[in-house]
Amino acid sequence: MADDVMFKSAIEQAELVRSGELPARELVEASLAAIDRLNDELNAVVTRCDERALAEADAVQAGDERPLAGVPLLVKDLAALTEGVRTTMGMRALEDWIPDEDSATVRRLRAAGAIVVGKTNLPEMGILPVSEPLRFGPARNPWDTSRTPGGSSGGSAAGVAAGMVAIAHGNDGGGSIRIPASCCGLVGLKPSRGRVSWAPHLAELAAGFATDGVLTRTVRDSALGLDLLAGYEPGDPYWAPDPSAPFVDAVGREPGKLRVAFVVDSPNGVPVDPDCVAATRQAAELLSSLGHEVNEVEIEADEAYVTNFVTVWIAGTANEVETWGRLAGRELDIDQLEPLARQMHEMSLQMSATDYLRALDWLHDYSRGLVRMWEGIDVLLTPTLAKPPIEIGALEPKEDEPPVQMLMNAGDWVPFTPVWNVTGQPAISLPLHQTEAGLPVGVQLVGPPAGEELLLSLSAQIEAAAPWEGRRPAMALV
């Protein structure tokens, strides 16, 4: 029963608790048992809160109408402050800081009945698309432990894919929900800019490119997660318009006949693996069979895109270090940063405001041209990644290269995701494909501005036509 229940959706788990068929304590115990069994190998969970989780589970009774009543939750250890639980941002410099309040994201999920069972592994400050911090060591992919689960929400993705939980928090500043979703065979939705608040202490992260969200195994769970997280908090600098109805309603709504464009060439001109191309072309064929108008298009490659995105990414490093130190109540020791973060910190201090604004303006101008595509289409289909999950350590610079070369190496693997953080459009990765070796390969759907309802409706249609529910990593079946 324990293994089976951990592979049910979060919505189904809550229904079992609500009906009285499964006490919340037993559900949380099943989650903790899965972490006990799998985490030594996966290193997905870096901080646990077993006693508190069990105490909270004991307070959940049958008949609890909250949408995630008694459902175990993993929280990514970045930006999501968690009251009473160690929060590190993957940094040695933060030591064992324990916040005295929840961020809005954690508060909303807990108010919905979710029970935090732990916090998950990530790269230091979420900088890279792999989860290999020096403080905790690498998180590993349950489909192949020699490979990354992606990043920066890699520990969260590994936990969901392995059956530790059905839903986990993540955030996405350049693909950090969609990348691990693709690597681990999950659904990963990046909400629109302004859809989810960074309250109470943050206004934005990475020039407004970043947002919170969830990783799940089903489209419906992702829609519910968005319903719970979405909404204005006092003082937010911007916010997305309200949906026409709850996002979960969109899952049962027919999308109608849509104009779908697809691309297989990367926006920065790097080669795309044949499996990633095949996944996209097969998805295009599926969409055509479902009655949609599907056409292949080209997006003009521009190598300046990577340079300008990396410039903006570097620019905020010193500010983020100061922000985390301010929240923790002390100045952080820069010498405790990893070589990459330390070099980015130094570069950001040397960068002028003009350098930063010039790169940001270039990206916004580039974005205007991209978003004009939606005057003639409804959805864009792309590969999520340019390669299947890469091996642990694959982004490490060569001996004679500086640490910042890791950012450029990352651009060869993740060219399709950061673009939509810059435009602010919603985008989702769906686990439609696997390599001959059984590695997951996702495809990405990009919706119109503030178009999560359309994206969820189409994703649910795809899920019904080509279900992935029965796929599980071998280690999760032991």
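The values are calculated or read from the model by the stated rules, or taken from the named source; none is laboratory data. All values derive from a computational prediction rather than experimental measurement. Every residue, glycine as well, gets a Cβ built from its backbone with ideal geometry; the counts of neighbours run over all protein chains shown. Areas reflect the complete protein model, heavy atoms only, side chains present, ligands, DNA and RNA absent. Shrake-Rupley method; radii C 1.70, N 1.55, O 1.52, S 1.80 Å.
Cβ-Cβ distances below 6 Å connect no pair with a first residue in segment 461-476 that is within 19 Å of Ser146 (Cβ to Cβ) and among the hydrophobic types (A, V, I, L, M, F, W, C), a second residue that is open to solvent by 30 Å² or more (accessible area, probe 1.4 Å) and modelled with pLDDT of 90 or more, and a separation of six or more residues or different chains. Quick one: would you say Ala386 is open to solvent by less than 10 Å² (accessible area, probe 1.4 Å), closer than 30 Å to Asp365 by Cβ and not polar (S, T, N, Q)? Considered against the rule, which asks whether it is open to solvent by less than 10 Å² (accessible area, probe 1.4 Å), closer than 30 Å to Asp365 by Cβ and not polar (S, T, N, Q), Ala386 comes out as yes. Among the candidates Ala240, Ala245, the residue that is in a loop (DSSP other than H, G, I, E, B), surrounded by fewer than 14 Cβ atoms within 10 Å (Cβ to Cβ) and of a type in the set (A, V, I, L, M, F, W, C) is uniquely Ala245.
Quick grid of which residues meet (1) closer than 30 Å to Ile377 by Cβ; (2) open to solvent by 20 Å² or more (accessible area, probe 1.4 Å); (3) touching a Phe, Trp or Tyr at 6+ places or on another chain (Cβ under 9 Å):
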{"residue": "Asp273", "(1), (2), (3)": "yes, yes, no"}
{"residue": "Ala278", "(1), (2), (3)": "yes, yes, no"}
{"residue": "Gln282", "(1), (2), (3)": "yes, yes, no"}
{"residue": "Gly316", "(1), (2), (3)": "no, yes, yes"}
{"residue": "Ala353", "(1), (2), (3)": "no, yes, no"}
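Each row is one residue, and each column tells you yes or no for (1) touching a Cys at 6+ places or on another chain (Cβ under 8 Å); (2) closer than 30 Å to Asp355 by Cβ; (3) in contact (Cβ under 8 Å) with a residue 60 or more places away in the chain.
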site: Val196; (1), (2), (3): no, yes, yes
site: Cys276; (1), (2), (3): no, no, yes
site: Arg281; (1), (2), (3): no, no, no
site: Ser288; (1), (2), (3): no, no, no
site: Ile299; (1), (2), (3): no, yes, yes
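Look at Gly70 and say whether it is farther than 30 Å from Ala199 by Cα, open to solvent by less than 70 Å² (accessible area, probe 1.4 Å), touching a residue at least 40 places away in the same chain (Cβ under 8 Å) and assigned to a loop (DSSP other than H, G, I, E, B). For Gly70, the condition - farther than 30 Å from Ala199 by Cα, open to solvent by less than 70 Å² (accessible area, probe 1.4 Å), touching a residue at least 40 places away in the same chain (Cβ under 8 Å) and assigned to a loop (DSSP other than H, G, I, E, B) - is not met.
Each residue in segment 284-295 was checked for being surrounded by 14 or more Cβ atoms within 10 Å (Cβ to Cβ) and not in a helix (DSSP H, G or I), and 3 pass. Reported count of residues in segment 201-215, each being over 10 Å from the mean Cα position of the chain (by Cα) and either open to solvent by less than 10 Å² (accessible area, probe 1.4 Å) or closer than 18 Å to Ala112 by Cβ (or both), is 2. If the condition is being without any contact (Cβ under 8 Å) to a residue 24 or more places away in the chain and touching a His at 6+ places or on another chain (Cβ under 8 Å), then segment 403-449 contributes no residue at all.
What number of residues within segment 433-478 are part of a strand (DSSP E or B) and either among the β-branched types (Val, Ile, Thr) or touching an Asp or Glu at 6+ places or on another chain (Cβ under 9 Å) (or both)?
Residues that pass the stated criteria total 5.
Return yes when Thr218 is open to solvent by 10 Å² or more (accessible area, probe 1.4 Å) and either over 30 Å from Leu454 (Cα atoms) or more than 16 Å from the chain's Cα centre (by Cα) (or both) and no when it is not. Criteria not met by Thr218.
Being out of contact with any Ser or Thr (no Cβ under 9 Å at 6 or more places or on another chain) and farther than 30 Å from Pro234 by Cβ narrows it down to one of Arg18, Arg52, Arg107, Arg66, so name that one. Step by step, each of Arg18, Arg52, Arg107, Arg66 is checked, and only Arg18 is out of contact with any Ser or Thr (no Cβ under 9 Å at 6 or more places or on another chain) and farther than 30 Å from Pro234 by Cβ.
Ala410 falls short on exactly one of the conditions (1) open to solvent by 30 Å² or more (accessible area, probe 1.4 Å); (2) under 14 Å from Val130 (Cα atoms), and that condition is (1).
So is Ala394 among the small types (Gly, Ala, Ser) and surrounded by 24 or more Cβ atoms within 10 Å (Cβ to Cβ) or not? No; evaluated as a whole, the condition is false for this residue. Among the residues of segment 345-391, write down those that are touching a helix residue (DSSP H, G or I) at 6+ places or on another chain (Cβ under 8 Å), under 28 Å from Val272 (Cα atoms) and of a type in the set (A, V, I, L, M, F, W, C). Within segment 345-391, Ala359, Leu360, Trp362, Leu363, Leu370, Val371, Val379, Leu380, Leu381, Leu385, Ala386 qualify.
When the criteria are applied in full, Leu38 fails the requirement of being of a type outside the set (Ser, Thr, Tyr), part of a loop (DSSP other than H, G, I, E, B) and buried (at least 20 other Cβ atoms within 10 Å of the Cβ). Scanning segment 254-271 for residues that are assigned to a strand (DSSP E or B) and within 18 Å of Ala460 (Cα to Cα), we see that the one that is least open to solvent (accessible area, probe 1.4 Å) is Val260.
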